[in-house]
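Working notes for the structure below.
None of the figures in this text is laboratory data; all of them are computed from the coordinates on show. Because the structure is predicted, anything quoted here is derived from the model rather than measured. FYI the Cβ positions are ideal-geometry reconstructions off the backbone, even for glycines, and counts take in every protein chain you see.
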Amino acid sequence: MSFSNLGLNAELLSAIADQGYSAPTDIQTRAIPTILAGHDILAGAQTGTGKTAAFTLPLLQRLSAAKPASRHIRVLMVAPTRELAQQVADSVRTYGRHLQLRSTVVYGGMPIGKQIKQLKEGVDVLIATPGRLLDLVNRRSVDLSHVESVVLDEADRMLDMGFLPAIEQIFKLIPAERQTLLLSATFSDAIKKMSARFLNKPEYIQVAEANSASLNIDQSFYWVDSPRKRELLSHMIDGGDWQQLLVFTRTKRGADRLAKQLQADGVTATAIHGDKTQNARTRALRDFKHNKVTALIATDVAARGLDIDHLPLVINFELPDNPEDYLHRIGRTGRGGKAGTAISLVGSDERGRVSSIQRLLKTKIPGKTMTGFEPAGGVREIRDDARPRGKQPMGAKRGAPAQPNRNKRRSSGRAQNRHT
């Protein structure tokens, strides 16, 4: 199968070739002809499977096939975060480079005046976050009455972030006769209910088992006393000669603190989260992509919006409360068929989170310890959560705590004192 078999025009095929792609992914093979035919879709695919191109390419072709005399917003793409919105906008520009179409992206944290000016000049494709879009609507600076196709990207994330009321308001401004594409990494009851409300006889497309992690990701967790997590992480970075890793924390303050601590250990690190200005977030991501920064410390605001080619490693410094967020986090690696690694540093107070994750994945994640960093109370196996509920826990296993030499000088010259 090649892209030329999917019914795409010469301009789009040229843009695809410019990017070095020759064969479509599974979701592209299934979604592109369906979208070209004008059908609604409810699509599920793991991150890194090419889902952005799966809806961008056919919508651009539908736009280019019929050009009205005046320029109106005909395609609306809604994303939950600024980073994801920018990623989608980049895809629209990349694949539409040979087409006479205009697009713009609007989200909070950037001057709204400039965005209003771009909208007044006329655009065919608008990519937006829900909050900034409604702000522009309230300012009477955007007209959605000509929208022909609307995309809800990462719809499950939008629900998690409380955007359902905003989505409902947006759909009231869009013509009833439209094409609607809903994409989600997972299919909860809430997503199915949203589909029933906003989609018309959608085609159901799923290229991965619901709530499954990519087979390309090697997952493991390391038992460690929570106060020594940062010491262990710095040790692993140095010993593994890691050059690029995305590290997730639960809080913004924790992300800032960890970035400073790693810097003190000699690791180039920066934090990215919702309290950072948009310019600061853009700069941090750019430096990370260009390998000027080894460790990017992020909260879950970044879990669904980061598009990093061939990211080799994701670290869960702290496990998330919601097990589905674990999937979103580790989905930053193992993209596009590439191999990836996801490591979680787990304290004794996070055992319940490990159990929830394993129940969601229906598999057991290997647990390990690092020599010199064994938990003071030893290691006790948790229940095999791939089994149905109601089974007896596995037998406990205890081990004597090790006494590491904490004053040993490291050859890298990094700070010796790594205690939190």
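Data overview
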read-out	value
Entries of 51/120; 260/364; 229/368; 120/276; 252/368; 51/201 with Cα pairs more than 22 Å apart	51/120; 260/364; 120/276; 252/368
Charge tally in the Cβ shell below 11 Å around residue 112, where Lys, Arg are +1 and Asp, Glu are -1, residue 112 excluded	+3
Size of charge dipole - region 3-206 - debye, nearest 20, with Cβ of Lys, Arg +1 and Asp, Glu -1, no other charges	580 debye
Protection proxy ranking, peptides 319-326, 81-88, 166-173, average beta carbon neighbours within 10 Å, highest first	81-88, 319-326, 166-173
Dipole axis of the chain (+1 Lys, Arg; -1 Asp, Glu on Cβ), positive-most option in 78, 28, 112	112
Ordering of 136-147, 231-242 by burial proxy (mean other Cβ atoms within 10 Å per residue, highest first)	231-242, 136-147
Local electrostatic count, residue 58, Cβ distance below 14 Å [Lys/Arg +1, Asp/Glu -1]	0
The chain, helix-only ellipticity at 222 nm - DSSP H runs n ≥ 4, -39,500 (n - 2.57), divided by all residues, nearest 500	-10500 deg cm²/dmol
Net dipole in debye of the chain [+1 Lys, Arg Cβ; -1 Asp, Glu Cβ; about Cα centre; nearest 20]	960 debye
Sum of side-chain charges, residue 73 neighbourhood, beta-carbon under 9 Å (Lys, Arg +1; Asp, Glu -1)	0
Sorted peptide list for 253-259, 311-317, criterion being average Cβ within 10 angstrom, highest first	311-317, 253-259
